[in-house]
Structures are given as C-alpha cells and as structure tokens.
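S.K.: Here it is, the structure in full.
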Amino acid sequence: MRRLKSTNYNSRRLFNIFSQGTDLHTLANLNFISRIENQTVSTFHSADSNSKGPYRQNLHSVFFSQKRFFTTKLLPHLPVVDAVIEKALATMSSLPLRKTAIVYVHHPLQTSVNLMTGLLRLGARPKNIFVLGKHYSECPSIVKQMMDLGVHYQPCSVQIGLGKFYQSFTRDINWLWFNTLTHIEKDTEEVLVLDHGGHALAFIPAQILQKYKVVGIEKTTGGLINLDDQGLPPFPIIGVANCAAKKILESPLIAEAVVTKLLPIIPIKNTNLTCGVVGYGAIGKAVASKLLAMGHKVIVYDNDHYQLKAIKTEGLTKTNELSALISSADYIFGCTGRDITKSIDIFRLASKDKTLISCSSEDKEFLSLLQLIQQKNNGGVATRPLNDVNYHTDMSATIRILKGGFPINFDNSGESVPANDIQLTRALVLAGVLQAIRIFKKPDLLAQGELYALDPSMQNFVVKEWLKHQPASRFPKNITDQFQNKQWIIEHSGGVHAPCDILEDCSVELDVNKEPFCENLKFP
C-alpha cells in the first residue's frame with residue numbers, strides 16, 4: 001500500500017488505460033494505484049493474472065474502488081444510465097468502441113458528463129472523441145470537466161447578431177469535422193455521430209464516408225426536420241428523437257422545466273394569463289396541458305388541421321389561424337421547431353404587449369422577427385445569446401423575446417431538466433449507441449441511407465428502469481403499461497424497425513443493492 005497524490009495526469013492516465021480495455025495482468029504490472037484522495041485501495045492483483053482476455057467490466061470495478069480519483073464537482077447519480085451499461089457489458093466479450101471515433105454535438109450539461117463516462121466504459125478512447133457544444137446552453141464548468149477527460153473539445157464561435165445562430169454554428173461544425181479528420185486515431189474503423197440538430201450529419205466530409213463505416217444518431221426533432229428537408233445522408237441514422245419513450249415521456253418533463261424556469265421571469269403563478277401554444281406536437285401538448293393545469297386560458301394553433309381536429313382536451317381553445325392566436329395571447333410559446341414569425345405583419349402590427357417564449361431548439365421559433373430587429377438596428381445590435389430582446393411594434397406595443405429567442409430552459413446553470421428526469425433521455429441515447437454497435441456489424445444496413453427506429457426492446461428496458469425512480473402517480477398507468485408492448489412501441493416510434501438484440505439477449509439480473517457507479521464520482 002502507498003499514497004499517490006491525485007493529479008489530472010493520473011486521472012487521464014486511468015481513463016486511457018481502462019478505455020483501451022487493458023487486462024488485469026497489465027494493470028497489476030503497472031503497480032500504479034494504491035491510494036487516491038486519502039482513500040485506501042489495493043494495488044491490482046488477480047488470480048486470473050495470466051488471462052489475456054479483455055477486462056470486460058473495465059471501468060465498472062475500478063470506479064467503485066477509485067470513485068474519488070477526480071477532484072471537483074460530483075457527477076449526478078444516474079442509475080438508469082448505469083443499468084444500460086451494466087446490462088450491455090454483461091453480453092459483450094470485448095469493448096465495442098475501441099476502434100470507433102465519436103463525433104458528439106450536445107448541450108454541455110452536467111448529465112452529459114455521465115453519458116461521456118458511459119461511452120468510455122464501452123471502450124471509447126478520449127483522444128478519439130470530438131465534442132462540440134452550443135453557446136446558448138454552454139456551462140463553462142461542464143466544458144472544463146469534458147476537456148479534463150482528454151477529449152477534443154471544439155470551442156463555440158461568437159454569434160455576431162440576432163438570428164445568426166445557424167451561421168456561427170455551421171462554422172463550428174466545419175471546424176469540428178476538420179479537427180476530426182486531423183486527429184482521428186490511425187486504427188479507427190468506424191465513426192459514430194451523435195448529433196443534435198442534424199448539422200453534423202448534413203456536413204459530414206466525403207473523406208469520412210469513403211474511409212470509415214458511419215452510423216448517425218439524431219437526438220432532436222428539429223434535427224429530423226432538417227434531415228427531412230435536405231434528404232438523408234448515405235448511411236444509417238437512428239432516430240432517438242422520435243422514439244416513443246422520448247416523445248411520450250420526455251415531453252412532460254420539458255414542460256415542467258419550462259414552467260420552473262419561467263417562475264422568476266413572468267407572473268405564471270397567476271391564473272388569469274392568456275397563453276398561446278404554437279405547435280401541438282409532443283412538446284406543445286405537454287406545455288398546453290401544464291398551463292391548463294395551472295388555471296391559465298390556453299389557445300392552441302397547429303398548421304396540421306388533422307392535429308387540431310383531434311384535440312379533445314376540455315378547456316383548451318383551438319384555432320386554425322395563427323393571426324388569431326397572436327392577437328389574443330399575451331404569452332406565446334413556440335413549440336414547432338420552425339420559424340413561426342414568417343408572417344411578420346402579424347407581429348409588426350400587434351397592438352398589445354406580448355412575451356415570446358421558445359420551447360424548442362436554437363433560435364428558430366422567432367427567427368424572422370429577430371432578423372427584422374437586427375435589420376432595424378442596421379446590424380448594430382450588441383447581443384449576448386441569453387439576453388431578452390424587445391421589439392416595438394408599429395402600434396406602440398412591445399414584444400419581448402425571452403432569452404434572445406433561444407430555449408427558455410437553458411440558463412448556463414448546467415441543468416435544463418432535473419437529472420433524475422433527464423436520465424431517461426441520456427439512457428435512450430446510450431441505447432442508440434448500442435444499436436449503432438450492432439449496425440456496424442451489418443454491411444447490408446451500412447450500405448444505404450435510412451432512418452431507423454430505436455429498438456423497442458431497448459426502449460422497454462430503459463423505461464422499465466426509469467420508472468423505478470419516478471413517483472407512481474407521475475404518469476397514467478395506461479400509458480406506462482404500453483411500454484411493455486413492443487409492437488405498440490414500434491407503432492409509436494418513427495423510422496424503420498430493424499431488430500437489435502443487445503439487451504434482449506441478456507439474462508443477467510442487475511444487483512440493485514450494488515453501489516451505484518456514479519455516486520460520489522468526482523471530475524476536475
């Protein structure tokens with residue numbers, strides 16, 4: 001036994017060793033670890049030291065004994081994410097991501113670090129991971145934690161005007177791919193793209209397509225809209241964004257987070273507000289239901305007339321004219337993933353003060369209005385991404401756009417939705433990664449561009465684990481019971497169904513009493 005001072009170097013070295021699937025014999029010969037952060041641990045010795053097989057539970061056992069080798073903020077405990085990893089590792093004879101480069105576009109939130117550690121446990125090497133955040137959701141402490149893991153982290157460009165996110169982010173995406181081409185490890189065989197908005201998938205370089213097997217994962221509805229508009233790229237994409245679990249169970253969580261973030265900003269606790277919800281998809285439905293439950297008058301518009309006709313919710317007013325909603329509502333929630341201000345005269349001639357609130361992604365919801373404000377100021381608007389913007393109409397009213405038109409639930413805090421809730425989404429993304437691992441082994445699927453549904457067995461497993469950590473009354477039983485029916489999951493998920501048995505085949509039961517992987521784990 002001996003003492004070893006904890007350093008960032010040692011943290012990185014541990015990660016590099018474990019993510020490369022080093023066996024126990026090699027670890028024992030390193031004689032590397034015995035005490036970190038005043039916690040006594042044993043140097044690795046094993047009765048199986050002559051074994052040359054991969055250390056299948058590579059990070060699992062090590063992290064239990066080394067859970068304090070990082071030195072600052074605690075990771076949140078995400079038992080559902082841990083359950084997915086444990087279940088997957090029990091079926092694998094090797095670490096599947098050892099020769100995979102990962103391009104990861106995300107919101108830099110605390111639970112993103114949990115997801116990254118999950119990728120490392122599956123064998124991903126930090127030097128072969130290329131990460132880009134979004135400036136309007138970026139939390140500096142989270143970026144530092146990511147960088148301290150040893151990944152390539154692409155800085156965000158400064159946005160140079162209102163409604164200019166797409167321009168700055170496109171520049172960032174191109175730099176991300178340039179850095180990937182420059183630094184990708186020589187023994188890489190596969191490239192996995194975890195996208196958030198469809199931009200990385202749309203701008204993938206030809207050199208990547210020509211040299212590597214490629215699979216994409218799209219995490220947002222907006223990204224799927226972009227891909228639909230532009231046409232699918234020539235490789236398989238897994239649609240986590242439109243899986244049944246995300247659409248049905250995540251949306252109410254987003255609605256609750258939106259309301260929570262609004263409490264200090266607008267008088268939403270009052271029961272006499274007139275609210276307009278534009279877009280009655282998964283998020284719009286959840287936001288409208290939450291506002292109704294709080295006693296507000298709610299008007300709904302959707303450009304899909306069939307969607308409007310299907311509305312049976314008592315107390316909800318529906319309209320097939322956007323102008324009627326804009327005229328009547330004081331608080332307008334954009335939930336479409338598209339620009340709802342293209343008919344600019346509706347806003348320019350508004351005679352009542354209004355507040356616009358984005359519940360989707362980027363600055364899309366009010367893009368035309370933001371660009372008009374930018375033009376009226378001769379390009380001289382000094383903007384910070386999350387500042388409110390005021391527009392004075394021709395009728396002397398004021399339209400306030402909260403957070404510069406970016407989603408209201410991002411405030412640089414490192415949390416947009418509580419960790420216990422959003423771990424559902426993190427686990428679904430990891431399930432998508434496991435499905436991608438299977439697709440990499442299927443040449444017939446790799447050879448064509450197709451949008452695949454997230455496997456129903458994986459959704460079933462993730463939802464079952466997640467519901468263990470939710471109040472029983474949070475979701476109606478008639479909804480949660482449907483996730484036991486795999487055919488129902490398929491019917492309510494977008495994309496082509498291609499079975500993936502990576503979780504279904506595993507008969508190993510999880511030990512619910514085992515110490516959770518991420519509890520008390522610290523990162524610099």
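Every read-out reported here was derived from the displayed coordinates using simple, explicitly stated rules and does not represent laboratory data. No experiment lies behind these values; they were computed from the predicted model shown. Because the Cβ atoms are built from the backbone with ideal geometry, glycine has one as well, and the counts that use them run over all protein chains shown.
S.K.: Using θ = phi - 60° and the Karplus form 6.51 cos²θ - 1.76 cosθ + 1.60, what ³J(HN,Hα) does each residue of region 256-272 get, whole Hz, x for Gly and Pro?
M.R.: So the Karplus estimates, Gly and Pro as x, are 4, 5, 4, 5, 4, 5, 7, 3, x, 9, 10, x, 6, 6, 5, 9, 10 Hz.
S.K.: Subtracting the Cα-Cα distance from 0.36 nm times the residue separation, let me have the gained length for Ser368 to Lys211 in nm, one decimal.
M.R.: So the chain would gain 52.5 nm between Ser368 and Lys211.
S.K.: Can you compute the modelled spin-label distance between Asn412 and Asp345, with each label point 7 Å from Cα toward Cβ, in nm?
M.R.: Going by the 7 Å Cα→Cβ label model, 4.0 nm.
S.K.: Do the alpha carbons of any pairs in Lys312/Lys364; Lys364/Lys441; Lys290/Lys441 sit beyond 32 Å of each other, and which pairs?
M.R.: Beyond 32 Å between Cα atoms: Lys364/Lys441; Lys290/Lys441.
S.K.: Treating only the Cα positions of region 266-405 as identical point scatterers, give the base-10 log of I(q)/I(0) from the Debye formula at each q in 0.14, 0.17 Å⁻¹.
M.R.: At q = 0.14, 0.17 Å⁻¹ the computed log10 ratios are -0.61, -0.90.
S.K.: Give me the mean projected area, in nm² to one decimal, of the convex hull enclosing the Cα positions of region 391-441.
M.R.: Answer in nm², one decimal: 6.3.
S.K.: So in region 302-421, what percent of DSSP beta bridges are antiparallel if you round to the nearest 5?
M.R.: Around 35 percent of the beta bridges assigned by DSSP in region 302-421 are antiparallel ones.
S.K.: How far, in nm, would the chain grow between Val158 and Asp388 when pulled straight, counting 0.36 nm per residue and subtracting the alpha carbon separation?
M.R.: Roughly 81.1 nm would be gained on extension.
S.K.: Please list, in chain and number order, the residues 5+ apart from Val131 or on another chain whose amide H is under 5 Å from its amide H, with Hs placed from the backbone.
M.R.: Excluding prolines and chain starts, which carry no amide H, the hits are Tyr104, His152, Tyr153, Gln154.
S.K.: Step through the table entries Lys164/Lys213; Lys164/Lys186; Lys297/Lys376; Lys261/Lys354; Lys442/Lys486; Lys269/Lys342, compare each Cα-Cα distance with 28 Å, and write down the pairs that go over it.
M.R.: Long pairs (Cα-Cα over 28 Å): Lys164/Lys213; Lys164/Lys186; Lys297/Lys376; Lys269/Lys342.
S.K.: If you don't mind, there's one more thing I want to ask. For region 387-402, in order, what is each residue's ³J(HN,Hα) by Karplus, 6.51 cos²θ - 1.76 cosθ + 1.60 with θ = phi - 60°, in whole Hz (x at glycine and Pro)?
M.R.: Using θ = phi - 60°, the values come out as 6, 5, 10, 10, 10, 9, 6, 5, 9, 6, 9, 10, 9, 9, 9, 5 Hz.
S.K.: With the convex hull built on the Cα atoms of region 233-281, state its orientation-averaged projected area in nm².
M.R.: Across all orientations, region 233-281 yields a mean hull projection of 5.4 nm².
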